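What follows is calculated from the coordinates using simple rules that are stated; it is not laboratory data. What you see is a predicted model; the values in this text were computed from it and never measured. Glycine gets a Cβ as well: all are built from the backbone with ideal geometry, and neighbour counts include every protein chain shown.
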2 protein chains.
Amino acid sequence: MKFCSNCGAPVARRVPPGDSLPRFVCDHCGDIHYQNPKLVIGAVPEWHGQLLLCRRAIEPRYGYWTLPAGFMENDETAGQAALRETLEEAGARVELAAPFSMLSVPHVNQVHVFYRARLLDLEFRPGAESLEVALFEEAGIPWKEIAFRTVGLTLRHWFADRRSGVFGFHAEDVVPR
Amino acid sequence: MKFCSNCGAPVARRVPPGDSLPRFVCDHCGDIHYQNPKLVIGAVPEWHGQLLLCRRAIEPRYGYWTLPAGFMENDETAGQAALRETLEEAGARVELAAPFSMLSVPHVNQVHVFYRARLLDLEFRPGAESLEVALFEEAGIPWKEIAFRTVGLTLRHWFADRRSGVFGFHAEDVVPR
């Protein structure tokens, strides 16, 4: 951020009075511009024990496999975001169950949340951001070609919980290795 | 948003090519400025069956009671945000347990997440944003003076789960009445 989005004057970065962190501050109109983490919301769509993955048609991680997910938008709920992203990226209609995982990724200022979901039919097809969409048994998951660590962790928890017979809620942090 | 935070030129609001929602777009430098929901992270600090609440010293809802919570910052995890807000607003040191509630509040573009937490000592004291901090038994909770619906819902789930003997994870939407 270089300019004030309210008045167009240049901004400075400093700790405002009463605050403890540096912010982008406008000395012309007085606005303080806070920057906060973004939510990425997705689903783990299941069809009789198989999970639906999308192969990415965009960077980052072009060609790698992911769960349908994307940035939550203003004016929607987290559940609506999960349904929308699943439809946009996989052309798939699902019924959502409970939230399943929440992963903080502080080095990119994101929190990823994935819902369990039941695929309603087999009419899925790749959206504009996917090269292909396919169902995988656990043994067929392309573990070495998973796009993001939050997706890999979520998939591992899902198969472990299925084995244990109880699906929980998994909160974890993903930090640089 | 009226001006581009990258180059200072006026922005227009329209749907960019390949997108489906209106965004603030800069025709001078080409930047697209996305606006997304913010995460509010808090804790439900317990001391032997009593819960710690803070009475707000700031607007909105000056004078009303709330759980310690606030906007998650860049470069931190959700758990770190819960610990930081609990220390800032209630001067309280806690040990976090699992996330307990996640409430979407789409009309203000927020998602609130509260963690269960165990108060480590009784050395709490109001921070700059609190008038007072106190422990409440269920019968003493000031239900008519709770600042936010997400806090009221979280408290009700907490006491209901304690009665049932099992603490779960509660995801809900809070929409205008």
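See the values below:
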| item | result |
| --- | --- |
| One residue from B:Glu172, B:Glu138 being within 13 Å of another protein chain (Cβ to nearest Cβ), touching a helix residue (DSSP H, G or I) at 6+ places or on another chain (Cβ under 7 Å) and surrounded by fewer than 22 Cβ atoms within 10 Å (Cβ to Cβ) | B:Glu172 |
| Selection from the range A:89-110 of residues that are out of contact with any helix residue (DSSP H, G or I) (no Cβ under 6 Å at 6 or more places or on another chain) and among the aliphatic types (A, V, I, L, M) | A:Ala90, A:Ala97, A:Ala98, A:Met102, A:Val105, A:Val108 |
| Qualifying residue in the range B:66-78 (condition: of a type in the set (Gly, Ala, Ser), more than 23 Å from A:Ser104 (Cβ to Cβ), surrounded by fewer than 24 Cβ atoms within 10 Å (Cβ to Cβ) and touching a helix residue (DSSP H, G or I) at 6+ places or on another chain (Cβ under 9 Å)) | no |
| Flag for A:Arg84 being under 15 Å from the mean Cα position of the chain (by Cα) and touching a residue at least 60 places away in the same chain (Cβ under 8 Å) | no |
| The range A:104-121: number of residues that are more than 15 Å from A:Ala82 (Cβ to Cβ) and touching a Leu at 6+ places or on another chain (Cβ under 8 Å) | 1 |
| Unique residue being part of a strand (DSSP E or B), surrounded by fewer than 15 Cβ atoms within 10 Å (Cβ to Cβ) and over 10 Å from the mean Cα position of the chain (by Cα) when the list is A:Glu123, A:Glu132 | A:Glu132 |
| Residues of the range A:29-83 that turn out to be within 11 Å of another protein chain (Cβ to nearest Cβ) and not hydroxyl-bearing (Ser, Thr, Tyr), as a count | 23 |
